[in-house]
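See below for the structure under consideration.
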Amino acid sequence: MSELLRLITLQDPNTRVVLLGTAALGVAAGLVGSFAVLRRRALIGDAVAHAALPGLCVAYFVVGDRSFPAFLAGALAAGVLAAAFVAVVKARTRIKEDAAIAIAIGGFFGLGIVLSRIIQNQPTGNRAGLDSFIFGKAASMVGSDATFIFAVALTITLVVALLYKELKLTVFDRDFAVAQGWPALAIDLALMTLICVCTVAGLPAVGVVLVVALLVIPAVAARFWTNRLPTMLLLAALFGGASGLLGTVLSATLPAPAGVLSRGWPTGPLVVLCASALFLVSLLAAPKRGLLADLVRRVRLRRRIAIQNLLRDAYEHLEPRGDFGAAFRAADLGAGPAHHDEPRRPFERAEALGLIQSAAGEYRLTGQGQAAAARTVRAHRLWELYLIHHADIAPDHVDRDADRLEHVLPPEVLAELEARLEGQVPPGVPASPHALRGSALS
Amino acid sequence: MSFTIGQFLLADTSLFRLGSYGVRADDVWIVATAIACCVACGLVGCFLVLRRMALLGDAISHAILPGLALAFILTGTRSPVAMFAGALAVGVLTAVLSAGLNRFGKVSEDSALGVVFTTLFALGVLMITFAARDVDLDPGCVLYGLIEFTPFDTLSIGGLELPRAFVTLGAILALTLGLIVLFYKELKLVCFDPALATTLGISAAVVHYGLMTLVAATTVASFEAVGSILVIAMLVAPGATAHLLTDRLRTMLLLSALIAALSAVMGYALAVMLNTSVAGMIASVALGLFIVAVVFSPSQGLVAKALRQLRLGLRITREDLLGLLYRAHESEASAPLAHEHLLHRAHAPRSGRWVLALLKRQGLVADDPARGLVLTSRGLDEARAVVRGHRLWETYLATAVGKDPGRVHKPAHATEHFLSPTLQEKLSDELRAPSDPHGKQIP
């Protein structure tokens, strides 16, 4: 417990360094990733990250020593080359972007393996710490690395703030940007450069495979909560930063599995899994686009449809008698398209809403229920008439089509339908243009 | 995917031996295994490239890590069957999860893949760390693969000692071939016209998920021998290369298989020469072949496209020059025409000079001491055709299309180069006009 306290209060200098580094990285990746995801460039980062390996190897050949800045420069150069490869293949050949990215990933990384094995075979070579770039070793981050990542993150944030308007425009309406005379290509290149820089800066912390996760996951998670770009950027940065912090704290505090104490829990995967957890929460619980909200909407709609079908069935059952206040039984209504697997529930719900009253196994429409039923039937028949008169659909075919639409016709559309059918419908509920199943039976 | 210390020692001697260039039985097995793997990937890959599912191989081959770890943790052994089952299950799960995320979460396809496979890979690394107490499941090994070791892990079938990886990959190759032959028509239809396939009663979804399962199986069978990186490269690069070389699916499949086999053989030879990773080299060769196709493909290549553009540009300059000369000498008493003036009017100061020299050498244009540049009789014939096309099109635009006669020159100037003699005849028959809207005679 005291260990945890020490961590959270940032007393351990080493952890403080790592925490700052991963959090800053998360924030920067969230910002850049948002644009990448919106521009459908999410997986470019994957190609850039994998291309870093041959870059590192070439840097090692050139410098002849393992130096952090040289490695980063090599990785960045190779990453830009891979991004350019993808862009050229996409623009100039019939090969699509996804195939170009996959080829860049496999080909460049294969080249990297070839080069790194050659380094390994040299008498002085020992893979030159390349592994920590491939799989990431956040725990071995030292002060200067964290400062570097921090500086990169700050630069990225500044550039995003400066280019905000330009990036926004090209992300949402590139054609308009071009037409307005914005240098869309240069802005695209700027975004690509940002993705490259962010990816390469993240390599030492989380590794080749997982750095793309930091670009994609916080941004996709943020997208669930909002339709506005500033909010999305803020949320993505927040999610990214929080994942970095949480992952680092977890990796430092979780008890290591017995027997491999020396290794501890790796930071990179934990950071990514924290981001994934935030994503999962967003996917489920986001207020508008989330799956739960979607489910609630669907259930509500289904219930409303069931009640409206019940009302329409009742209306059409009572219509021949001309007395809409008369009693009817549930069995009277079975024939309509309202057939559903839980036949009792709509009655209960309609009663709870005060649309029908039940007494001794029989039901009656209340005044409110009669009005609602008339509205539903009216929508149904107006749409049927519209289909018959304006879409030339045979009268015996329109019932099913109208049945789907009557529930979702907004008042404006109903008004429009009335206007179009002027002179063809009497005020109030028009007569059904086809034989009613209920009345045919009775 | 993991090796005991003894195998590592063996591996060291084998690496040493690979350095000396002789061909041994082991080399044959390694190449045969590589070919089986690459061809199987190359065949499936054609459909991935056409269906725009190229990144699925990438995602699946990364995501199977937790499947392997889970299989190991559950069974406690490194039994190939358990590993295969675990990896295949997670591979299919990757495909299904990302498709579900795309459909129900409205996340774009690439983002969905990115979320799913990185999450699964992170989970896999953690599980391996957890399971690492007594087994060397090495993530590095999953990435690079160790095809060099295939001859040491053998199976005995009917008294024959065959490398296990070769048997597995051979089986996968046979399965892939069989499925493609059996369902060729369905696959083709779903690739090129999914809507028609659906109306014909072929479920695009079934084919899609079948393809995903085949990709997962190929990936899982391959990565142990050759590493996931090689799988990613071979699933896409040969198919894409073949796609640049042909428009026919049958030829594409054949070419893709050939390119894959070529990559395997060349990659192995180069790796032995440089004493480096075979899998990495095969992937590099596949990338190299793709780049060669991008640059040099006869129909799609950058060079062919540039040549086509250059040839078109030169033809247009040539026809413009001829047309200008024709117009300059239409009226009898015209001033002598200087080189510079002509080139300036043709808007092609540099290429025009070159084209003019060529026209002179071909005997279409001559230098007349009195009148400057003139058309020879052969040159006149060609120039007449150009001007005729131009003026016919102007007339057509002005009369049949009803364009303002003041605005017909520019479009006609562009179209004159693309009017074939038959089209010119048709226009002339239809229009029956002796002169163009500007009153110039149509030759």
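Values for this structure:
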read-out: Distance cut-off 20 Å, percentage of C-alpha pairs in the range B:336-410 lying past it; value: 45 percent
read-out: Gyration tensor (alpha-carbon) shape descriptor, the range B:34-126, a/c threshold 1.5; value: oblate
read-out: Of B:301, B:239, B:57, the one that fluctuates the most in a GNM where chain B has Cα springs shorter than 10 Å; value: B:301
read-out: Rough spin-label spacing in nm, given labels placed 7 Å along Cα→Cβ, for residue A:397 and residue A:293; value: 3.9 nm
read-out: Virtual spin-label span in nm between residue A:122 and residue A:285, 7 Å along Cα→Cβ; value: 5.2 nm
read-out: FRET efficiency, 1/(1 + (r/R0)^6) with R0 60 Å, evaluated for residue A:91 and residue B:81 via beta carbons; value: 0.85
read-out: Fraction of the pair-distance distribution of the range B:256-409 above 19 Å, Cα-Cα pairs, percent; value: 68 percent
read-out: Set of lysines with alpha-carbon distance to residue B:403 below 19 Å, sequence-local pairs under 8 removed; value: B:440
read-out: Most to least packed among B:303-309, A:222-228, A:93-99, A:113-119 [average Cβ atoms within 10 Å]; value: A:113-119, A:93-99, A:222-228, B:303-309
read-out: Amide H contacts under 5 Å for residue B:154, placed H, 5+ residues apart; value: B:164
read-out: Backbone N within the range A:359-386 under 17 Å of label point (7 Å from residue A:422 Cα along the Cβ vector); value: A:386
read-out: Nearest-0.05 FRET efficiency for residue B:103 and residue B:440, computed from C-beta distance (R0 51 Å); value: 0.20
read-out: Chain A, dipole about Cα centre (Lys/Arg Cβ +1, Asp/Glu Cβ -1), debye to the nearest 20; value: 1000 debye
read-out: Packing-based ranking, highest mean first, of B:40-52, B:205-217, A:293-305, B:170-182 given that Cβ atoms within 10 Å are counted; value: B:40-52, B:205-217, B:170-182, A:293-305
read-out: Nitroxide proxy distance, nm - points 7 Å out along Cα→Cβ at residue B:410 and residue B:192; value: 4.0 nm
read-out: Residues whose placed amide H lies under 5 Å from that of residue B:365, excluding near-sequence neighbours; value: B:360, B:376
read-out: Residue order, fewest to most surrounding Cβ atoms within 10 angstrom, among B:435, A:34; value: B:435, A:34
read-out: Residues residue A:302 and residue A:16, FRET efficiency given R0 of 56 Å [Cβ-Cβ distance, rounded to 0.05]; value: 0.55
read-out: In Å, descending, principal axis extents of the Cα set of chain B; value: 100, 55, 39
read-out: For A:86-98, mean number of other protein chain Cβ atoms within 10 Å; value: 5
read-out: Averaged over B:274-282, number of beta-carbon atoms from partner chains that fall within 10 Å; value: 6
read-out: Three semi-axes of the equivalent ellipsoid, the range B:198-303, Cα gyration tensor, whole Å, largest first; value: 27, 21, 9
read-out: Residues of the range A:362-393 with amide N under 18 Å of the 7 Å Cα→Cβ point at residue A:327; value: A:362-367
read-out: Kirkwood estimate for the protein assembly as shown, i.e. one over the average of 1/r between Cα atoms, Å; value: 32.7 Å
read-out: For A:152-162, mean number of other protein chain Cβ atoms within 10 Å; value: 0
read-out: Spin-label proximity, residue B:377 to the range B:287-330 - amide N less than 14 Å from point 7 Å beyond Cα toward beta carbon; value: none
read-out: Theoretical gain in end-to-end length, residue B:203 to residue B:353 [0.36 nm per residue, Cα-Cα removed]; value: 47.9 nm
read-out: Exposed-loop-free span, longest in chain B, where GluC sites (Glu not before Pro) count as exposed if DSSP calls them loop and at most 13 other C-beta atoms lie within 10 Å; value: B:1-329
read-out: 27 Å Cα-Cα reach of residue A:288 towards lysines, excluding residues that sit fewer than 8 places from it in its own chain; value: A:165, A:168, B:106
read-out: Radius of gyration and Dmax over the Cα atoms of chain A, both given in Å; value: 31.9, 101
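Readers should treat all values here as calculations from the given coordinates under stated rules, not as data from a laboratory. Treat the numbers as computed from the prediction; the structure is a model and nothing was measured. Note that we place each Cβ from the backbone using ideal geometry, even for glycine, and neighbour counts take in every protein chain shown.
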